[in-house]
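**Q** Shown below is the structure under consideration.
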Amino acid sequence: MPSASAWLLAVGPAALIGVGVIPARKAGAAPARLARLAGLATACTLGLALAAGGALIGHGPLATFTLGVHGLGLSLYYDALTAVMFALVAFVGTIVVAYSRNYLDGDPGQARFVQWLCLTLAAVLMLVLSGNLLHFAIAWIATSLGLHQLLLFYPERPGARLAARKKFIVSRIGDACLIAAAVLVYQVFGSADFPTIFAAAGEMRIAGSYPAALHGIAVLLAVSALLKSAQFPFHFWLPEVMETPTPVSALLHAGIINAGGFLIVRLDSVIVLSTPALDLLALIGGFTALFGSVVMLTQTSVKVSLAWSTVAQMGFMLLECGLGAFSAAVLHIVAHALYKAHAFLSSGSVIDLARASWVPTPGRTPHPWRIGVAVTGAVTLTAAVAALFGTSLLASPGMFVLGAVLMMGLSHLLAASIEARPTVFVIARGVVLAAVVAVAYFGLQAGAARLLAGALVPDQQRHGPLDLAIAGLVILSFGAVTILQSALPYRAATPRWRALYVHLFNGFYLNALADRLVLRSFPSGPPGAGVEGRA
């Protein structure tokens, strides 16, 4: 596929924009027809993404010319990372648009919803395809503004207005950081084109010499990504955007929330030049992953629990970036997007399945040493399988940490294998199953690294004391949480556990504090209230 043909990739987003800008009166007169047009546009975009991905095989990155002046403007950049993300967003968008046809059938605002959904999806696609930092920033802001309208689909709901208000404020701070970083990038590199930035940053990395402004650029990019991905302490808006239709939740949690991680992996050649930026991503991401995971365990609402899960998963993904495992972060984005889209769109049936399959748990308390042995065995198995793939905690801390946490999820299975009267067969079956999971995990990681080898900076072997301390602390913390998770339910009647449960359920009241600050600063309504609810 010649570079000039890369402009054809913009046909998909353009078709979605075409559906989104149909006059409101005409769109409202035939909402069912509009929904079919939206479905056709997303299906065509998905077909284009798959065809372009196949055409990329055997070719290097493709970059179009820039529609602008002095290295500033609109351009497309298509490489293996773009191909993966473009296909992912197109696939999720196709499913969400198709789901929304039946979900909102007969709703008086169906046409307005479909149009804003198409415009938001088009903005996400243009973000992925962008080849210039100015283009990227425009799509970044457009994505946020489109989401703002979807969050306010039911503007009469106070909860929807408050959540959108908090999201708007956090997003504008993130936008300011990205714009400031873009200005510094232009001053340092003399261009905003990604190929120029990548080449110059690569030369700086090889030479080991770069201007001090690079640290400012990388930190600003990291802060912008942390804000976009709802990381602590600015996570408070994400668990509260539940007043919007379910298709919006699916698109938000499976697509838009990944924009922060995509920013980091897209500009990884710049990020790796700054140790402070990497440390910031690792520290905040690791803490958010732990915090979100623990709070998630206490939630009684399926959608709110999934939202806290997203907060934690984005923390894991940015932790991987901070530890230099960029290919692992991309694989995490893909896996999380597919899982979370399915989880939200099937959340209603999940409740029915849970009720139908519930059985009372045994009354006896399990021996704490058994779950402790299982956790230790899971981490040991992770290290053994990692060694078979030629990696380790020192070689790739980000990949190893996530693998260890994943294997800890099987600790209850391993612990059950040694309960009561264990047999060799039962124990062997549990260990073999865990080993298969570990092999699948590291195999997928190796495949992702190979697929994205030309599009990302090679995984950084970060051996600094802080990096190893963060990795070790994450493993120990999740090991402790796994052990407590199995023991505390049997102590639910104790006053201390009840108090801790209440505090965790409320996220240690950070949401309440954010509500007070936002309502005090914007008592009359959210910023941009004049455009709420318009088509």
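**Q** Using alpha carbons only, how many angstrom separate the centre of the stretch 179-198 from the centre of the stretch 136-161?
**A** 28
**Q** Taking the convex hull of the Cα atoms, report for the stretch 200-314 its projected area averaged over all directions, in nm². Display every interim value, and only then the final one.
**A** Values: hull surface 29.4 nm².
Reported value for the Cα convex hull: 7.4 nm².
**Q** Then there's this: Excluding the sites themselves, what is the longest stretch of the chain that contains no trypsin sites (Lys or Arg not before Pro) in a DSSP loop with at most 14 other C-beta atoms within 10 Å?
**A** Numbers: sites that count: R364, R534.
Value returned for the longest uninterrupted segment is 1-363.
**Q** Under 19 Å Cα-Cα from K303, which aspartates and glutamates qualify once same-chain neighbours fewer than 8 residues away are excluded?
**A** Once the sequence-local aspartates and glutamates are set aside, what remains near K303 is E240, E243, D352.
**Q** Over the chain, what percent of the accessible surface lies on carbon and sulfur atoms, probe 1.4 Å?
**A** Reported share for carbon and sulfur atoms: 70 percent.
**Q** Just reorder W7, W369, W308 by solvent-accessible area, largest first, 1.4 Å probe, all chains present. Before the final figure, lay out the partial values.
**A** On the way: W7 65, W369 135, W308 10 Å².
Greatest to least solvent exposure: W369, W7, W308.
**Q** Also: Between V183 and L433, what is the FRET efficiency for a Förster distance of 30 Å, r being their Cβ-Cβ separation, to the nearest 0.05? Before the final figure, lay out the partial values.
**A** Details: r = 53 Å, r/R0 = 1.75.
Result of the calculation: an efficiency of 0.05.
**Q** Another question, if that's okay. Can you give the helix-only mean residue ellipticity at 222 nm for the chain, where every DSSP H stretch with n ≥ 4 adds -39500 (n - 2.57) and the sum goes over all residues, rounded to the nearest 500 deg cm²/dmol?
**A** Details: 23 runs with 376 residues, N = 535.
My calculation for the chain gives -23500 deg cm²/dmol from helical runs alone.
**Q** Going Cα to Cα from K228, which lysines come in below 16 Å? Please leave out same-chain ones fewer than 8 positions away.
**A** In chain and number order, the partners are K166, K167.
**Q** State in Å² the accessible area per residue of the stretch 97-220; use a 1.4 Å probe, count heavy atoms of protein chains only, and round to the nearest integer. Spell out each step's value before the answer.
**A** Working: 4430 Å² over 124 residues.
Per-residue value: 36 Å².
**Q** Moving on. Which of the listed residues, V265, L319, A337, is farthest toward the dipole's positive end in the chain, when Lys, Arg count +1 and Asp, Glu count -1 at the beta-carbon?
**A** A337
**Q** So, R0 is 51 Å and r is the distance between the beta-carbons of F508 and R25; what FRET efficiency does that work out to, to 0.05?
**A** On the way: r = 48 Å, r/R0 = 0.95.
E(calc), rounded to 0.05, equals 0.60.
**Q** Return the FRET efficiency for the residue pair L468, S209: r is the Cβ-Cβ distance, R0 is 25 Å, and the value is rounded to the nearest 0.05.
**A** 0.40
**Q** Tell me the chymotrypsin sites (Phe, Trp or Tyr not before Pro) within the stretch 41-87 that lie in a loop according to DSSP and have at most 15 other beta-carbon atoms within 10 Å. Walk me through the numbers on the way to the answer.
**A** Working: sites: F65, Y77, Y78, F86; in loops: F65.
When the chymotrypsin sites (Phe, Trp or Tyr not before Pro) of the stretch 41-87 are filtered for loop state and at most 15 Cβ neighbours within 10 Å, F65 remain.
**Q** Right, another one. What's the center-to-center distance, using Cα atoms, between the stretch 262-301 and the stretch 23-82 in Å?
**A** The stretch 262-301 and the stretch 23-82 have Cα centres separated by 29 Å.
**Q** How long are the semi-axes of the equivalent ellipsoid of the stretch 1-145, defined as square roots of 5 times the Cα gyration tensor eigenvalues? Whole Å, largest first. Don't skip to the end; give the middle numbers.
**A** On the way: eigenvalues 166, 57, 26 Å².
In descending order, the three semi-axes are 29, 17, 11 Å.
**Q** What Rg and what Dmax come out for the chain when only alpha-carbon atoms are used, in angstroms?
**A** Values for the chain (Cα only, Rg and Dmax): 23.5, 75 Å.
The values are calculated or read from the model by the stated rules, or taken from the named source; none is laboratory data. Since the model is a prediction, treat every value here as computed from it, not as a measurement. Reconstructed Cβ throughout: ideal geometry from the backbone, glycine too, with neighbour counts over all protein chains shown. Ligands, DNA and RNA are stripped out before the accessible areas are found, and what is left, the full protein with its side chains, is counted by its heavy atoms. Shrake-Rupley method; radii C 1.70, N 1.55, O 1.52, S 1.80 Å.
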